[in-house]
Amino acid sequence: MTELIAQESELHVLMREWRRDLHAHPETAFEEHRTAAKVADLLRSFGLQVHTGLAETGVVATLTGNTAGTGMIGLRADMDALNIQELNRFSHCSRHKGKMHGCGHDGHTAMLLGAAKYLAGHRDFAGTVVFIFQPAEEGKAGARLMCEQGLFEQFPVDAVYGMHNWPGLGAGEFAVHQGPVMAAMDLFDIQVTGNGCHAGMPHMGVDPVVVAGQLIGALQGIVSRNLSPLDSGVVSVTQMHGGDAYNVVPDSVTLSGTCRTFCEDVRTQIRQQMATMVEHFCSGYGATGTLDYRAGYPATVNDPEHATLCADIAASLVGNDKVHQNEAPSMGAEDFSFMLKERPGAYIWIGNGSAEDGRGLHNPYYDFNDEILPLGASYWVALVQGSQSVR
Ligand SMILES: [Zn+2]
Ligand SMILES: [Zn+2]
């Protein structure tokens with residue numbers, strides 16, 4: 001096993017300090033001002049060219065190597081926290097009420113900073129590395145905003161890479177997917193409008209509660225009866241709102257929820273079939289159904305050539321048997337997908353250790369595993385040193 005940055009080395013100790021400081025001061029979408037200032041200051045202190053202001057709090061830094069070559073690759077970390085009240089009691093737990101680094105973006109930021117510091121002192125690589133620290137991964141699409149504001153026009157990388165810690169995957173292990181890693185995530189609201197009336201005389205109106213109740217079941221037929229059994233999709237109705245009295249049939253009911261898919265064709269198919277079903281199902285009962293379907297994050301899909309490179313790089317650090325290439329993708333979503341739509345690349349998982357006892361992502365007891373900081377930073381370094389092969 002090769003590991004460029006050793007456990008308990010000076011750099012590991014520094015990364016742990018940065019990580020715990022970020023953990024203690026979590027900031028959410030587009031408000032990562034303290035975080036961004038710390039990241040920018042550290043990058044400048046390592047000698048990198050630093051650019052701020054993309055997507056409000058985004059920080060981008062460049063570093064050029066000493067060996068011959070002109071390629072440019074992007075490495076991305078996310079910096080934002082979640083709106084969760086942390087329940088941990090350790091000394092570095094959140095100082096900000098209702099906010100928490102519950103997804104390990106503190107660790108992602110620390111690992112990429114560690115890689116930047118290491119590479120600034122070891123310029124034996126070709127081309128330019130673009131370090132991308134993005135805001136607002138959690139639900140607010142900071143990656144999309146950085147792209148819209150010209151990230152890849154200003155920094156025309158040939159490829160872009162991401163990494164997320166993964167509870168349930170052993171510390172010291174990686175997972176690399178050859179295609180989809182994370183799902184597309186869409187949101188919907190369905191309004192079922194009937195005709196309110198006295199609850200004792202339902203025949204005098206059109207009851208939207210009954211229509212909406214049956215529609216929930218009917219919507220499940222899209223995945224079970226319309227999609228090919230070989231395709232993946234989820235339609236989850238997660239909210240139902242309507243009525244406010246025991247003896248009144250309300251005028252309307254709202255159903256809300258989320259759809260998850262891995263491929264654009266299936267995503268479009270679900271959206272179209274939902275629209276058709278909502279309209280005709282409701283009209284069959286004399287009610288009116290309208291669908292507001294909003295596209296969220298696209299699916300995160302790795303380019304196979306880049307995924308193979310990433311798997312080889314990971315294997316060079318931990319050995320082939322610790323790099324899992326047949327893990328099922330996750331139905332969670334990730335806004336790195338917007339970057340992968342603009343540039344080829346790959347997004348991999350680094351094991352964070354057990355997910356038991358509240359150590360899963362978005363759990364109020366979660367904490368990033370500091371033991372894996374050197375491995376994650378080493379992966380970035382090795383990727384920079386090895387990425388010539390796909391340029
Ligand atoms: Zn998250
Ligand atoms: Zn995350």
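The values are calculated or read from the model by the stated rules, or taken from the named source; none is laboratory data. What you see is a predicted model; the values in this text were computed from it and never measured. Note: ideal-geometry Cβ built from the backbone for every residue, glycine included; neighbour counts use all protein chains shown. Only protein heavy atoms, including side chains, enter the accessible area calculation; ligands, DNA and RNA are left aside. Shrake-Rupley method; radii C 1.70, N 1.55, O 1.52, S 1.80 Å.
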Binned Cα-Cα distance frequencies in the range 101-254 - 10 Å width, integer %: 8, 21, 23, 18, 14, 10, 4, 1, 0
Distant-in-sequence amide H partners of Val248 (H built 1.01 Å from N, under 5 Å): Ala199
Cross-link partners of Lys140 among lysines (Cα-Cα below 18 Å; sequence separation of 8 or more within a chain): Lys99, Lys341
Whole-Å distance, taken between Cα centres, linking the range 110-131 and the range 317-333: 25 Å
Candidates Ala24, Ala116, Ala328: whichever shows maximal mean-square fluctuation once the chain is modelled as a Gaussian network with Cα springs under 10 Å: Ala328
Fraction of beta bridges assigned by DSSP in the chain that are antiparallel (%, nearest 5): 70 percent
Derived scalar couplings ³J(HN,Hα) [the range 293-310; Karplus, 6.51 cos²θ - 1.76 cosθ + 1.60; whole Hz; x for Gly, Pro]: 10, 10, 5, x, 6, x, 5, 8, 10, 6, 7, x, 5, 6, 5, 5, 4, 4
Exposure rank, largest accessible area first [Leu14, Leu227; 1.4 Å]: Leu14, Leu227
Most fluctuating residue given options Met274, Met79, Met204, as computed from a GNM of the chain linking Cα atoms under 10 Å: Met204
Separation of the Glu371 and Met204 label points, Cα + 7 Å toward Cβ, nm: 6.9 nm
Fraction of accessible area attributable to carbon and sulfur, the chain (%, probe 1.4 Å): 49 percent
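Whole number please: convex hull volume per residue of the Cα set in the chain, in Å³?
Per residue, the Cα convex hull of the chain comes to 148 Å³.
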Amide H partners (placed H, <5 Å) of Met79, local residues excluded: Gln134, Ala136, Glu137
Residue of Ser283, Ser354, Ser330 that the Gaussian network model of the chain assigns the largest fluctuation, springs spanning Cα pairs under 10 Å: Ser283
Calculated from backbone phi, Karplus (6.51, -1.76, 1.60) coupling profile of the range 165-172 in Hz, x at Gly/Pro: 5, 9, x, x, 9, x, 4, x
Sequence-separation-based contact order of the range 1-76, relative, with Cα cut under 8 Å and 6+ spacing, percent: 17 percent
Solvent-accessible area per residue for the range 226-370 (1.4 angstrom probe, square angstrom): 48 Å²
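First check a/c for the range 292-375, with a ≥ b ≥ c the square roots of the eigenvalues of its C-alpha gyration tensor; if it is under 1.5, answer rounded, and if not, answer prolate when a/b is larger than b/c or oblate otherwise.
Oblate shape, in that a/c is at least 1.5 and b/c is the bigger or equal ratio.
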³J(HN,Hα), Karplus 6.51/-1.76/1.60, whole Hz, each residue of the range 131-140, x for Gly, Pro: 8, 10, 10, 9, x, 6, 5, 6, x, 10
Amide H within-cut-off set for Phe125, under 5 Å, with H built and near neighbours excluded: Asn66, Thr67
Sequence-distant aspartates and glutamates (8 or more away, or on other chains) whose Cα lies within less than 20 Å of Lys322: Glu3, Glu173, Glu305, Asp312, Asp370, Glu371
Contour excess over end-to-end distance, with Cα ends at Ser283 and Ser9 and 0.36 nm allotted per residue: 91.9 nm
Gain in span if fully extended, His96 to Glu264, counting 0.36 nm per residue against the direct Cα distance: 56.6 nm
